[in-house]
Amino acid sequence: MSKENRIEVLGVGFDNLDMREAVDAALTLIDEHSAAYIVTPNPEIVMLSRKDESLASSLKDASLVIADGVGIVYGARILGTPLKARLPGIDFAGSLMQELSKKNGRVYLFGSKPGVAEMAAKTLSDAHPGLLICGTQNGYFSDDTKIIEDINAAKPDLLLVCLGAPKQELWMQMNASGLDVGLMIGLGGSLDVFAGVLQRAPDRWCKLGLEWLYRLIKEPRRIVRMSKLPVFLFAVIWRRIFVGRNKREN
């Protein structure tokens with residue numbers, strides 16, 4: 001994918017892909033086996049990247065940037081540069097692992113609390129016969145060296161990095177050159193969902209783009225994080241007005 005063709009939303013460029021195109025692009029990256037990485041920003045991450053240069057750099061360097069949050073899709077539409085689709089990271093990873101299972105692909109699970117990756121491994125193995133979970137590691141660590149050695153010994157086609165933002169994006173960018181993997185994806189709390197520790201919103205909520213509201217109802221403490229969504233939308237509207245006015249004046 002050409003990074004020059006990305007659709008910009010408040011300084012973060014997103015690849016304009018539907019699910020099939022994104023999965024095909026990921027499979028190509030896996031075949032290249034260059035430790036490329038994919039990020040899945042939502043509005044919260046976009047807003048954080050405006051203040052965090054390191055995070056902004058890690059998003060820019062990603063081989064694929066897909067729109068995880070429905071707010072990103074709305075933002076791109078408001079800016080007059082609509083994206084083809086919202087691509088929830090967990091659905092994208094599921095589709096990719098389904099394809100990998102057809103050719104006995106190897107997946108390493110990295111992140112979450114102790115024991116969660118192992119639970120997720122069993123669920124994913126049951127859901128995708130043919131998929132080999134070649135290693136697991138929780139997200140509580142102080143030494144990258146041992147983890148990288150373990151990952152490299154497993155030689156995964158796909159490494160799921162579930163450390164939460166911005167830690168996972170920075171970790172992938174910083175360690176890519178030392179990893180023997182096909183592809184990495186930063187997936188936040190997805191291991192908790194795969195493991196059954198965290199329940200995802202029902203399909204109806206997801207299709208309506210209300211997964212964020214469902215999670216807020218289930219986890220009221222997320223209100224602080226969710227409060228950044230209206231700030232994001234205000235910034236997008238302001239950007240549209242400002243850019244539109246400049247174009248008219250020029």
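The values are calculated or read from the model by the stated rules, or taken from the named source; none is laboratory data. Computed from a predicted model, the values in this text were never measured in an experiment. Glycine also receives a Cβ, built like all others from the backbone with ideal geometry; neighbour counts cover every protein chain displayed. Only protein heavy atoms, including side chains, enter the accessible area calculation; ligands, DNA and RNA are left aside. Shrake-Rupley method; radii C 1.70, N 1.55, O 1.52, S 1.80 Å.
So here's what we get for this one:
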{"quantity": "Directionally averaged shadow of the chain, computed from the convex hull of its alpha-carbon atoms, nm²", "calculated": "13.5"}
{"quantity": "Nonlocal amide H pairs with F14, under 5 Å, H built at 1.01 Å", "calculated": "I7, E8, V9"}
{"quantity": "Peptide ranges 141-152, 99-110 listed from the most packed, as the mean C-beta count within 10 angstrom indicates", "calculated": "99-110, 141-152"}
{"quantity": "The range 1-122: radius of gyration over Cα atoms, expressed as a fraction of 2.2 N^0.38 Å", "calculated": "1.10"}
{"quantity": "Label point distance in nm, L198-D24, each placed 7 Å from Cα along Cα→Cβ", "calculated": "3.2"}
{"quantity": "Carbon + sulfur, % of accessible area of the chain - ligands and nucleic acids excluded, 1.4 Å", "calculated": "54"}
{"quantity": "Extension gain from K51 to D180, taking 0.36 nm per residue of separation minus the Cα-Cα distance", "calculated": "43.3 nm"}
{"quantity": "Residue among A26, A117, A127 with the largest mean-square fluctuation in a Gaussian network model of the chain, springs linking Cα atoms under 10 Å", "calculated": "A127"}
{"quantity": "Within straight-line cross-link reach of K60, aspartates and glutamates at Cα separation under 15 Å, skipping those fewer than 8 residues along the same chain", "calculated": "E4, E8, D15, D52, E169"}
{"quantity": "FRET efficiency estimate (nearest 0.05) - Cβ-Cβ, F141 to S95, R0 45 angstrom", "calculated": "0.95"}
{"quantity": "Computed helical MRE - 222 nm, the chain, DSSP H runs ≥ 4 contributing -39500 (n - 2.57), nearest 500", "calculated": "-15000 deg cm²/dmol"}
{"quantity": "Solvent-accessible area per residue for the chain (1.4 angstrom probe, square angstrom)", "calculated": "50"}
{"quantity": "Sorted peptide list for 164-170, 29-35, criterion being average Cβ within 10 angstrom, highest first", "calculated": "164-170, 29-35"}
{"quantity": "Set of lysines near K146 by C-alpha distance (under 20 Å), chain-local residues within fewer than 8 positions excluded", "calculated": "K113, K155, K167"}
{"quantity": "Part-to-part distance (alpha-carbon centres) for the range 47-91 and the range 135-154, which is given in Å", "calculated": "28"}
{"quantity": "Cut-off under 5 Å, modelled amide H: who pairs with T136 long-range", "calculated": "L109"}
